[in-house]
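Below you'll find the structure, written out as structure tokens, and then a few comments.
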């Protein structure tokens, strides 16, 4: 009898690794990174701001207006830390984030050149429970600061409630890179759904998304640093999995099922 594989919680594993490699006092000087706690300007902003320390699972800084945005007191974040924030997520979106979204974020970290981390913005939405029990949607933009070793341990994040115009339950993650003169330019985007499990691997989905963006097989091979034949093999395997005859049909069925 074949044993079912247990989904991997990439986010929790990442937190544990961060905690194990980062001494509280020597490695991270968070006071230099924190914004002044006087915060005379954040009372009217439509978004909150925080500094996340993954090594110690806490928030060295949280803007004063967090309760206006997220409905929970600032003290909850300061005193309880990351466990409080993740505790108010909708359970379905929590699973998607821990097992899928954060896996894709970590995969993208691998290709960011040294010294370039702060130029990338990682954005995603998720459902959460407000303090009155109402389910709403939060949009978070994260900028991970330079890694210690191979892992970034600090996240400068902004967040806002988007429940008034996010009406479906899909979770979307987008990665953008800051380009001088152009602002943030999207380099990656993916829609996640708990109901429809993708039959495509991460690499297959990546190749298909680049095809959707109009890149040829040769351009995809150059961008991903793989051979042209490898790209062609992946496309052929995807069409066999989905019983499609061409790349157009493959893209259509993948979009319909939220696989890309």
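The values are calculated or read from the model by the stated rules, or taken from the named source; none is laboratory data. None of the values given here were measured: they were computed from a predicted structure. FYI the Cβ positions are ideal-geometry reconstructions off the backbone, even for glycines, and counts take in every protein chain you see.
Every residue, every condition in (1) surrounded by 14 or more Cβ atoms within 10 Å (Cβ to Cβ); (2) modelled with pLDDT of 85 or more; (3) in the same structural domain as residue 123 (by TED's automatic domain parsing), yes or no:
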| position | (1), (2), (3) |
| --- | --- |
| 16 | no, yes, yes |
| 20 | no, no, yes |
| 23 | no, no, yes |
| 52 | yes, yes, yes |
| 66 | yes, yes, yes |
| 74 | yes, yes, yes |
| 85 | yes, yes, yes |
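Can you name the number of the only condition in (1) assigned to a helix (DSSP H, G or I); (2) at positive phi that residue 100 fails?
(2)
Condition test on residue 7, is it modelled with pLDDT of 60 or more and exposed (fewer than 13 other Cβ atoms within 10 Å of the Cβ)?
On the way: modelled with pLDDT of 60 or more: yes; exposed (fewer than 13 other Cβ atoms within 10 Å of the Cβ): yes.
Yes: the conditions hold for residue 7.
Does residue 167 satisfy being assigned to a loop (DSSP other than H, G, I, E, B) and surrounded by 19 or more Cβ atoms within 10 Å (Cβ to Cβ)? Let's see the steps before the verdict.
Details: assigned to a loop (DSSP other than H, G, I, E, B): yes; surrounded by 19 or more Cβ atoms within 10 Å (Cβ to Cβ): no.
Criteria not met by residue 167.
When you scan region 130-150, how many residues do you find that are surrounded by 14 or more Cβ atoms within 10 Å (Cβ to Cβ) and under 24 Å from residue 53 (Cβ atoms)? I'd like the intermediate steps shown before the answer.
Going residue by residue through region 130-150, those that are surrounded by 14 or more Cβ atoms within 10 Å (Cβ to Cβ) are 130, 136-145, 147-148.
Pick out the ones that are also under 24 Å from residue 53 (Cβ atoms) and you get 138-145, 147-148.
The qualifying residues number 10.
With respect to residue 139, determine if the residue is in contact (Cβ under 8 Å) with a residue 60 or more places away in the chain, assigned by TED's automatic domain parsing to the domain that holds residue 177 and not in a helix (DSSP H, G or I). Steps first, please.
Values: in contact (Cβ under 8 Å) with a residue 60 or more places away in the chain: no; assigned by TED's automatic domain parsing to the domain that holds residue 177: yes; not in a helix (DSSP H, G or I): yes.
No, not satisfied.
Going through region 243-260 one residue at a time, which ones are surrounded by 13 or more Cβ atoms within 10 Å (Cβ to Cβ) and farther than 19 Å from residue 190 by Cα?
244
What's the number of the condition residue 78 fails, among (1) at pLDDT 90 or above; (2) surrounded by 17 or more Cβ atoms within 10 Å (Cβ to Cβ); (3) touching a strand residue (DSSP E or B) at 6+ places or on another chain (Cβ under 7 Å)?
The number of the failed condition is (2).
Evaluate region 91-112: report whether one residue or more is surrounded by fewer than 16 Cβ atoms within 10 Å (Cβ to Cβ), under 23 Å from residue 223 (Cβ atoms), at pLDDT below 90 and in the same structural domain as residue 187 (by TED's automatic domain parsing).
Yes - at least one qualifying residue is present in region 91-112.
What number of residues within region 185-223 satisfy the criterion of being surrounded by 17 or more Cβ atoms within 10 Å (Cβ to Cβ) and part of a helix (DSSP H, G or I)?
Adding up the residues that qualify gives 11.
Out of all the residues in region 123-136, which are under 24 Å from residue 61 (Cα atoms) and in a loop (DSSP other than H, G, I, E, B)?
130, 131
With respect to residue 162, determine if the residue is buried (at least 20 other Cβ atoms within 10 Å of the Cβ), in the same structural domain as residue 14 (by TED's automatic domain parsing) and over 12 Å from the mean Cα position of the chain (by Cα). Spell out the reasoning first.
Values: buried (at least 20 other Cβ atoms within 10 Å of the Cβ): no; in the same structural domain as residue 14 (by TED's automatic domain parsing): yes; over 12 Å from the mean Cα position of the chain (by Cα): yes.
In short, no.
Being farther than 28 Å from residue 171 by Cβ, out of contact with any helix residue (DSSP H, G or I) (no Cβ under 9 Å at 6 or more places or on another chain) and not in a helix (DSSP H, G or I) is the filter here; which residues of region 224-260 pass it?
Answer for region 224-260, where residues must be farther than 28 Å from residue 171 by Cβ, out of contact with any helix residue (DSSP H, G or I) (no Cβ under 9 Å at 6 or more places or on another chain) and not in a helix (DSSP H, G or I): just 225.
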